[in-house]
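Each remark here refers to the structure printed beneath this line.
The values are calculated or read from the model by the stated rules, or taken from the named source; none is laboratory data. Predicted model, so just to flag it, every value in this text is computed and none were measured. Neighbour counts run over all protein chains shown; Cβ positions are idealised from the backbone, glycine included.
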Amino acid sequence: MSLMRTKSIEASIADSHEVGRTLKRSLSTWDLMVMGIAVAVGAGIFSVGAKAAANNAGPAVTVSFVLAAITCALAIMCYAEFATAIPVTGSAYVFTYATMGELLAWIIGWNLILELVMAGSVIAKYWGVYLSGFLQAVGINVPAEVALGPATLTWGPLIVVAVFTVVLVLGTKLSARVNNVFTMIKIAIVLFVIVVGFFYVKAANYSPFVPSSQPSSSATGWAEQPFLSFLSGASPAMYGVSGVISGAALVFFAFIGFDVVATSAEEVKNPRKTLPRGIFAGLAVVSVLYILVTLAVTGMVSYKALAAEKDPSLATAFHLVGADWAVVVISLGSLIGLTTVIMVLLMGMSRVTMAMSRDGLLPRVLSKTSAKRSTPARTQIICGVIVAILAGFTPVQLLGEMINIGTLSAFVMVSLGILVLRRKRPDLTPAFRVPLGSVIPVLSALLCIYLMLNLATQTWLFFAVWVAVGLAIYFSYGRRHSLLASGQRQNSEPLTASRVP
């Protein structure tokens with residue numbers, strides 16, 4: 001059946017060498033590690049932990065981060081095994097195409113586009129807000145929004161998206177250098193804020209570490225309550241064990257960047273060694289930073305004081321202890337933090353689109369790369385325009401949870417796909433292999449599904465609409481233009497370890 005037809009690993013690697021559709025291998029282990037840190041450590045490090053502590057887990061939000069980090073680590077192991085076996089651009093889309101067939105590959109690719117478009121747009125929107133906040137903090141009053149007739153424009157996103165679209169068009173190595181500089185600056189700011197914050201910590205604020213469960217004050221209607229609660233009929237609750245779990249589902253947003261890093265597999269030097277090292281090193285650094293920030297924020301003030309605030313953040317904690325000067329530093333850190341996130345997301349978006357275009361599921365013109373710089377310049381510009389319009393003219397931040405469900409759905413497919421790959425291609429010898437046989441892939445898939453069920457019911461409704469739109473596009477265009485289904489892509493001989501790039 002054509003819908004279940006898989007694309008061989010050999011064909012995927014051969015396509016990565018197609019003239020006019022190739023990417024240049026220029027990234028090192030350091031570049032990959034910094035890329036992961038860059039996309040995971042944004043403004044969220046100053047806010048998501050405080051919000052989860054206030055509305056979900058209390059001081060036990062640290063445990064929420066640990067659970068989210070473990071879930072991400074399990075899935076990233078599967079990504080690493082796939083990426084060293086199939087070192088081409090496209091990440092979960094390519095992995096699914098090689099194991100579970102074209103239809104599921106399209107759905108995952110479509111969901112990756114959802115994740116990257118939404119994440120890029122939401123974060124670009126917040127970048128504009130943080131820019132205005134920082135300017136106001138230093139005495140420059142410039143409104144974040146301006147009226148353009150019947151429309152309202154948030155002008156900040158247009159600037160940041162345009163600048164980094166140009167940087168990405170100019171070359172991956174140049175982008176990596178810019179990313180490295182910005183990331184080192186924001187890590188220094190984060191560490192400074194953490195160290196200062198610990199001077200205000202009081203042990204009493206950590207007690208009770210896991211507050212007693214109580215009815216949720218934020219999920220007032222069926223649409224806002226966790227989907228699992230909606231299905232079971234249970235009343236939504238905050239704090240307690242369920243609060244820690246729902247907190248993990250919320251803060252999982254902090255770890256979305258590592259699947260984006262896997263999309264750069266085709267641009268990495270010596271991917272068999274570089275990919276696993278870079279991805280795991282980045283995850284370790286990010287996990288430590290987030291845990292330290294949550295320990296600081298929940299130790300500085302009581303979680304009840306955070307819950308009393310409309311929009312709790314690390315800046316709120318500093319304000320409550322009388323250190324208002326820190327707001328300027330945090331605003332600067334948020335601004336710089338978001339900058340690199342936007343750049344990496346824009347890069348990932350163009351690479352996934354390019355991979356789907358190579359296969360004919362999207363117009364083939366989108367996979368063309370420039371002869372001089374070997375970047376998908378046309379596609380990169382289109383992605384930048386889409387993100388800029390959404391961030392500049394729509395309230396896209398209201399759909400922020402769509403990012404999590406898109407990422408988690410990809411994690412599920414990659415985790416299960418490893419089992420299929422091992423069964424179908426026992427001859428492969430990837431440089432990294434997930435330990436403990438099938439235990440970790442299955443556990444990863446189950447944890448990701450559980451976190452998905454703890455997202456809001458309305459997020460699932462929006463997700464269903466997105467998938468339905470994707471299926472309509474696939475059956476009206478992608479299936480008819482698929483190179484594999486039309487016989488224009490043929491499997492070649494089995495790939496030996498010595499032939500893997």
Among Thr339, Thr298, the single one that is farther than 30 Å from Thr375 by Cβ and touching a residue at least 60 places away in the same chain (Cβ under 8 Å) is Thr298
Sole miss for Pro312 among (1) at pLDDT below 75; (2) under 27 Å from Met118 (Cα atoms); (3) in a loop (DSSP other than H, G, I, E, B) is condition (1)
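With Leu295, Leu283, Leu345, Leu289 as the choices, which residue is surrounded by 24 or more Cβ atoms within 10 Å (Cβ to Cβ) and of a type outside the set (Lys, Arg)? Let's see the steps before the verdict.
Numbers: Leu295 fails: surrounded by 24 or more Cβ atoms within 10 Å (Cβ to Cβ); Leu283 fails: surrounded by 24 or more Cβ atoms within 10 Å (Cβ to Cβ); Leu289 fails: surrounded by 24 or more Cβ atoms within 10 Å (Cβ to Cβ).
Answer to the check: Leu345.
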Expected output for the range 65-89 (first residue over 16 Å from Asn404 (Cβ atoms), partner of a type in the set (Ser, Thr, Tyr) and not in a helix (DSSP H, G or I), Cβ below 6 Å, 6+ apart or cross-chain) is Val88/Ser16; Thr89/Thr263
Conditions (1) closer than 24 Å to Ala124 by Cβ; (2) within 24 Å of the chain's Cα centre (by Cα); (3) of a type in the set (Ser, Thr, Tyr) -> Thr274 fails only (1)
Okay, helices (runs of 4 or more DSSP H) sitting entirely in the range 1-112 with 1 or more residues that are touching a strand residue (DSSP E or B) at 6+ places or on another chain (Cβ under 9 Å) and among the acidic types (Asp, Glu), I get 29-40
Of the candidates Ser374, Ser409, Ser415, the one satisfying the condition of being over 15 Å from the mean Cα position of the chain (by Cα), closer than 19 Å to Ala92 by Cβ and of a type in the set (S, T, N, Q) is Ser415
Looking across the range 1-39 at residues that are among the aliphatic types (A, V, I, L, M) and closer than 22 Å to Ala485 by Cα, the single one that is farthest from the chain's Cα centre (by Cα) is Met1
Assigned to a loop (DSSP other than H, G, I, E, B) and either within 25 Å of Thr152 (Cβ to Cβ) or touching a strand residue (DSSP E or B) at 6+ places or on another chain (Cβ under 9 Å) (or both) - does that describe any residue in the range 324-339? no
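Scan the range 295-309 for residues that are among the charged types (D, E, K, R) and assigned to a helix (DSSP H, G or I) and jot them down. Let's see the steps before the verdict.
If we filter the range 295-309 for residues that are among the charged types (D, E, K, R), which is where we start, we get 304, 309.
The one that is among the charged types (D, E, K, R) and assigned to a helix (DSSP H, G or I): Lys304.
Against the condition among the aromatic types (Phe, Trp, Tyr), touching a helix residue (DSSP H, G or I) at 6+ places or on another chain (Cβ under 8 Å), in contact (Cβ under 8 Å) with a residue 12 or more places away in the chain and not in a helix (DSSP H, G or I), how does Phe411 come out, does it pass?
Details: among the aromatic types (Phe, Trp, Tyr): yes; touching a helix residue (DSSP H, G or I) at 6+ places or on another chain (Cβ under 8 Å): yes; in contact (Cβ under 8 Å) with a residue 12 or more places away in the chain: yes; not in a helix (DSSP H, G or I): no.
No, not satisfied.
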Pairs returned, first residue in the range 440-457 that is free of Cβ contacts under 8 Å to residues at least 60 places away in the same chain, second residue that is assigned to a helix (DSSP H, G or I) and of a type outside the set (A, V, I, L, M, F, W, C), beta-carbon separation under 8 angstrom, 6 or more apart or interchain, are Val442/Ser415; Ala445/Ser415
Original post:
Quick one: would you say Tyr130 is crowded, with 19+ Cβ neighbours inside 10 Å and modelled with pLDDT under 80?
Top reply: yes
If we keep only residues of the range 378-394 that are surrounded by fewer than 19 Cβ atoms within 10 Å (Cβ to Cβ) and not in a loop (DSSP other than H, G, I, E, B), then the residue nearest to the chain's Cα centre (by Cα) is Ile386
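Can you tell me which residues in the range 262-278 are β-branched (Val, Ile, Thr) and either part of a helix (DSSP H, G or I) or surrounded by fewer than 24 Cβ atoms within 10 Å (Cβ to Cβ) (or both)? If you could, list the steps in order and put the result at the bottom.
From the range 262-278, those β-branched (Val, Ile, Thr) are 263, 268, 274; that's our starting set.
Matches in the range 262-278: Thr274 only.
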task = Would you check if Trp106 is touching a Phe, Trp or Tyr at 6+ places or on another chain (Cβ under 6 Å) and within 17 Å of Met349 (Cα to Cα)?
result = yes
Confirm whether Phe46 is at pLDDT 85 or above and buried (at least 24 other Cβ atoms within 10 Å of the Cβ).
no
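Based on what the data block shows, is Ala355 at pLDDT 85 or above, assigned to a helix (DSSP H, G or I) and either at positive phi or surrounded by fewer than 24 Cβ atoms within 10 Å (Cβ to Cβ) (or both)? It would help to see each step written out before you state the result.
Values: at pLDDT 85 or above: yes; assigned to a helix (DSSP H, G or I): yes; either at positive phi or surrounded by fewer than 24 Cβ atoms within 10 Å (Cβ to Cβ) (or both): no.
No: the conditions fail for Ala355.
I'd like the full set of residues that are assigned to a loop (DSSP other than H, G, I, E, B) and surrounded by 18 or more Cβ atoms within 10 Å (Cβ to Cβ), limited to the range 454-487. Working first, answer last.
First, the residues of the range 454-487 that are assigned to a loop (DSSP other than H, G, I, E, B): 454-455, 482-487.
Result: Asn454, Leu455, Ser482, Leu484, Ala485.
Identify, from the list Pro441, Pro426, the residue that is modelled with pLDDT of 90 or more and either part of a helix (DSSP H, G or I) or surrounded by fewer than 24 Cβ atoms within 10 Å (Cβ to Cβ) (or both). Can you show your working first?
Working: Pro426 fails: modelled with pLDDT of 90 or more.
Matching residue, one of Pro441, Pro426: Pro441.
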| message | Scan the range 150-157 and tell me whether some residue there is in a helix (DSSP H, G or I) and hydroxyl-bearing (Ser, Thr, Tyr). | response | no
